[in-house]
Amino acid sequence: MTTVNANGIALGIESFGDDDAPLVLLAGGTTMLSWPDALCERLAAGGRRVVRYDLRDSGESTTTDPEAPAYTLRDLAADAAALADALGGGPAHLAGIGVGGMVAQVAVLDHPGAFSALTLVGTRAVAPGPPDDDLPDHDRATTSRLFARPMPDWTDREAVAEFAAAGAEIRGDDPVAARAIAARVWDRTPGTAPPVQMANQMGMVFSRLDCTPRWRERLSEIEVPTLVVHGRRDRFFPVGNGEAIAREIPGARLLVLEEAATAIPDAAVGEVTEAMLTLGQRTADAAGGRASTHQAKDAAVRSWRQHSRPQRRP
């Protein structure tokens, strides 16, 4: 792991695969560890250069004051575009998970020239807070149980890991995997102050982030091939949110993971990897021999839409 300077800040990154391969950029939600190691490794084995990164105020990226962020969602989107440019190699396949999916949507809308494809996992098309009337909100029983729990001693690595495991069980995720990831996140968090720990472990900075203006009404402007992945059992961002995104982005493909909740489980890594590689390969194939990035993107979109079908896996 290392850091790259982009958009005036340091972003913590980890790279997999050949530096000369097509770039897949994975926006953390909020830390890079929200993307499974196995998925990064399989994407790299499939001929991709994979770079996962921490959002601001998490992991090894610039941390200032998570309780009063001096940046906006638009700044996080600009970070993604600047990072793709700093890494080189042409437009990137951008992927975002959870709140990182919000960053990814805005990044592709605000910086379309930086990206060739888009993958969105377990996210929604509106900012944190009350959703639109036609979108399902967090499951009330689940959120009540999650936020009724006392906070752990953030200086105690094992207590934090156990807190994360209990939360995963409430959400329907794998508590064993969540415990291991939380311990790794704790090891990479720059300090044990509660606001910093909560920004890393719970993404709480997004509850204070300026996410205006709205972007849902602009989803029809997204022209790159898009894959939307959502867990059928997601109680935090219920699957109707992913279905709405897939309807509103022209030609988007929907992949519903029937046994998944908010995280990508080990059992689903293979099918998610395959779908992402297929998305990227059609983009690359359509781009081959084209005279300009704009022409390549147009060809990629046409190719993707011709093959796009909603998918639901048993």
Extension gain from Ala183 to Asp134, taking 0.36 nm per residue of separation minus the Cα-Cα distance: 13.9 nm
DSSP bridge orientation in the chain - percent antiparallel, rounded to nearest 5: 25
Stretch gain in nm, segment Thr143-Glu274, where the contour uses 0.36 nm per residue and the Cα spacing is subtracted: 43.9 nm
For the chain, the Rg and Dmax computed from alpha carbons only, in angstrom: 18.2, 58
Semi-axis lengths (Å, descending) of the ellipsoid that matches the C-alpha gyration tensor of the range 54-205: 28, 20, 14
Burial order of peptide ranges 59-67, 211-219, 77-85 (average beta-carbon count within 10 Å, highest first): 77-85, 59-67, 211-219
Size-normalised alpha-carbon gyration radius of the range 47-129, reference 2.2 N^0.38 Å: 1.07
Per-peptide average of other Cβ atoms within 10 Å, ordering 229-236, 164-171 highest first: 229-236, 164-171
Percent breakdown of C-alpha pair distances by 5 Å bin, ordered from the shortest bin, for the range 124-282: 1, 8, 14, 17, 19, 17, 13, 7, 2, 0
Inter-part distance where the range 215-282 and the range 78-142 are each reduced to a Cα centre, Å: 11
Convex hull of Cα atoms in the range 178-229, direction-averaged projection (nm²): 5.9
Kirkwood Rh and Cα Rg combined as Rg over Rh, evaluated for the range 35-75: 1.16
Bins of 5 Å from zero: percent of alpha-carbon pairs in the range 1-77: 3, 16, 25, 24, 16, 9, 5, 2, 0
Cα pair count fraction exceeding 24 Å, expressed as % - the range 171-260: 43
Nearest-20 debye value, the chain charge dipole, Cβ charges on Lys, Arg, Asp, Glu: 780
For the range 67-73, 3J(HN,Hα) per residue [Karplus equation, 6.51 cos²θ - 1.76 cosθ + 1.60, θ = phi - 60°, Hz, x = Gly/Pro]: 7, 9, x, 9, 9, 10, 4
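Every number in this text was worked out from the coordinates using simple rules, so none of it is lab data. These figures come from a predicted structure and were not determined experimentally. Every residue, glycine among them, receives a Cβ derived from its backbone with ideal geometry; neighbour counts consider all protein chains shown.
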